[in-house]
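Computed from the coordinates by the stated procedures, all read-outs in this text should not be read as laboratory data. Values in this document were obtained by computation on a predicted structure and should not be read as measured data. Every residue, glycine as well, gets a Cβ built from its backbone with ideal geometry; the counts of neighbours run over all protein chains shown.
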Amino acid sequence: MDGATSLAGRLLVAMPGIGDPRFEHAVILVCSHDDEHAMGVRLDAPAPGVDVAEVLKRLDLPPSETPKARPVLVGGPVDRERGFVIHSDDWLSADSSLPFGEGLAMTATRDALVAMGDAVAGPRRAVLALGYAGWDEGQLESELAENVWLVAEAEQDIIFDLDHASKWSRALRQVGVSEAGTLSGQSGRA
């Protein structure tokens, strides 16, 4: 798959009536997409009662210097015990960061958590998600053809801000949908 058709660095916005309660009103950042698979992290589902400072403490890592409590996100139903840090590309681990999109990277190692807690040397913006959403060969393309997802540009605020409740409606506005009620989950063929 060439860069022009890859959705890495773009958002998937769930259509109403997606048919899978795990993805109702989901906004997913696609981190990797090629001919064999796609992988993304849900941006709008905070894990109840878990924040980054608590995760750092559990792992005996230095406490976060971030002044606000940052929730940990439920990134998707696959591998929910594994953490993925989505961050700005001003910090990269030479061995484990995957740059994608414009100014973004994903790192799934302990050093990313340490960096996330460092307001001086770490990434300018970062979010921690547990788990991910994954698609096998052709599965995402099939779902797109069936009108399951809309594709939007990945704005930094939608990725990193704390207003999780409005991310779906803001992502819809990016693709020109001002009122979600005007959407239909039904697909059609000419």
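At a glance:
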item	result
Environment charge of Pro77, counting only residues whose C-beta is closer than 10 Å and scoring Lys/Arg +1, Asp/Glu -1	+1
Positive minus negative residues near Ile158 (Lys, Arg vs Asp, Glu; Cβ under 14 Å)	-1
Over the chain: helical MRE at 222 nm, DSSP H runs n ≥ 4 each giving -39500 (n - 2.57), nearest 500	-4500 deg cm²/dmol
Cβ-based net charge around Ile18, under 15 Å, with every Lys or Arg adding one and every Asp or Glu removing one	-3
J(HN,Hα) series, region 113-121, from Karplus relation 6.51 cos²θ - 1.76 cosθ + 1.60, nearest Hz, glycine and proline x	5, 4, 5, 4, x, 9, 5, 8, 9
Asp89 versus Leu144: modelled label distance in nm, points set 7 Å from Cα along the beta carbon direction	2.0
Correct option for percent of Cα pairs over 24 Å apart [calculated from the coordinates] among [x] 37; [y] 33; [z] 48	[x]
nm² value of the averaged projected area, convex hull over the Cα atoms of region 33-99	6.1
Gaussian network model of the chain, Cα within-10 Å springs - most flexible of Gly103, Gly134, Gly83	Gly103
Longest DSSP-loop-exposure-free segment, trypsin sites (Lys or Arg not before Pro), the chain, at most 13 other Cβ within 10 Å	1-67
GNM flexibility winner over the chain from Leu73, Leu43, Leu162 (Cα, springs under 10 Å)	Leu162
